Amino acid sequence: FAEYYNEVAIHGGAFAPSGVDPAYSYAATVVNKFYSPTGYPSMYLNFADGTIARGSSDLTFVNTTMSNIFNANRNKFGADAGIAITTSAKSGKLSIDVDVMAAKEQKYNIAVWVLENKISSPNQNGATSDLHRVANHALRYIASSYNQDYMLGDSLGYLSVGQVAEKSYSVTIDNSWVTANLEVLVIVSDEQDVVNTAVCPVNATRAYEYMSDVETL
C-alpha cells in the first residue's frame, strides 16, 4: 500500500539534536513536540473515522494490521479534495503555488511542508550499510502556520463542491539545503482530519489526483 501514502522523516527531539544530525530542523522539533512520541521506533496513525492504531517495529503490525486499517478507511472515505501543485526555485527562493478543489462541501485547511532527500549522515549511530547513512523525505521547513499545539496550517475557508482555493507561498532556500533534492508536501484537512496529501518535486508541476481514482491499483 506504499503508493497511497507520503513519507516524512522527522529529525527532531532528543534523538536528533541540532549540530549532530544533518537532517535536523526546527520544524521537525516542533512536530516532534506535537506528537510527543514516547519511544522509537513507534507509529501513530490517524484516520478519518477517528480510529487510531499504534504499534512498534513489529512487521506483522506494519504489513497486516496497519495495511488493513489504512485500506479500509481509504476505500470508505476516498478523498474530499484534489490537490494541484507547482514549484519553482529561483534566486534563492522556492515558490509554491497550490490549487485545492473541493469534492465535498466543507471547511478546509492547508499545510505546506518542505522536505529534502539524499541528506548524508555519515556518523549515524547503528548504521550497518550506506543506506542507513542517508536521510530521505526529511522535514526542513513548514511554510504554513504551525506550532507545537497546532498542525492544521492555514484556513482555506468554506468550499462548495467543485470550488477551487488558490494558495501561494515563498520560502527562502537555506544554504544547507540542496535545491535539486527538495520536494513539497501539501496536506489538506477538514476541521479535524487529513483528507488528502500530495507531493511535488522542485521545479515541477503535479496535476490533480484523487485517492479514490486509484483504489484498484
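Close contacts from the stretch 99-113, counting a first residue that is basic (Lys, Arg) and a second that is open to solvent by less than 50 Å² (accessible area, probe 1.4 Å) and in a strand (DSSP E or B), with Cβ to Cβ under 8 Å and a gap of 6+ residues or different chains, come to 104/81; 104/195; 107/156; 107/157; 107/159.
Being more than 28 Å from residue 18 (Cβ to Cβ) and open to solvent by 20 Å² or more (accessible area, probe 1.4 Å) is a condition met by at least one residue of the stretch 145-156. Residue pairs whose Cβ atoms lie under 9 Å apart, separated by 6 or more positions or on different chains, with the first residue in the stretch 183-209 and over 16 Å from residue 166 (Cα atoms) and without any contact (Cβ under 8 Å) to a residue 24 or more places away in the chain and the second open to solvent by 30 Å² or more (accessible area, probe 1.4 Å) and of a type in the set (A, V, I, L, M, F, W, C), are 192/48; 192/152. Using the structure shown, decide if residue 155 is among the small types (Gly, Ala, Ser) and farther than 16 Å from residue 101 by Cα. It is false that residue 155 is among the small types (Gly, Ala, Ser) and farther than 16 Å from residue 101 by Cα.
Quick one: would you say residue 195 is modelled with pLDDT of 95 or more, part of a strand (DSSP E or B), among the β-branched types (Val, Ile, Thr) and touching a strand residue (DSSP E or B) at 6+ places or on another chain (Cβ under 6 Å)? Answer is no for this residue. Residue 58 versus (1) surrounded by 11 or more Cβ atoms within 10 Å (Cβ to Cβ); (2) modelled with pLDDT of 70 or more: which is the lone unmet condition? So residue 58 meets the others, but not (2). Remark: pairs (first residue in the stretch 146-162, modelled with pLDDT under 95 and part of a loop (DSSP other than H, G, I, E, B); second residue open to solvent by 30 Å² or more (accessible area, probe 1.4 Å) and basic (Lys, Arg); Cβ separation under 6 Å; 6+ apart in sequence or on different chains) = 148/33.
Under the condition of being acidic (Asp, Glu) and open to solvent by 70 Å² or more (accessible area, probe 1.4 Å), which residue from the stretch 101-138 is modelled with the lowest pLDDT? Walk me through how you get there before you give the answer.
Going residue by residue through the stretch 101-138, those that are acidic (Asp, Glu) are 105, 116, 130.
Of the ones still in play, those that are also open to solvent by 70 Å² or more (accessible area, probe 1.4 Å) are 105, 130.
Working: 105: 95, 130: 71.
The selected residue is 130.
Of everything in the stretch 170-194 that is open to solvent by less than 20 Å² (accessible area, probe 1.4 Å) and of a type in the set (A, V, I, L, M, F, W, C), the residue that is nearest to residue 154 (Cα to Cα) is 188.
The values are calculated or read from the model by the stated rules, or taken from the named source; none is laboratory data. Worth saying up front: this structure is predicted, and the values here are computed from it rather than measured. We place every Cβ from the backbone using ideal geometry, glycine too, and count neighbours over all the protein chains shown. The area values use the complete protein model at the heavy-atom level, side chains included, leaving out ligands, DNA and RNA. Shrake-Rupley method; radii C 1.70, N 1.55, O 1.52, S 1.80 Å.
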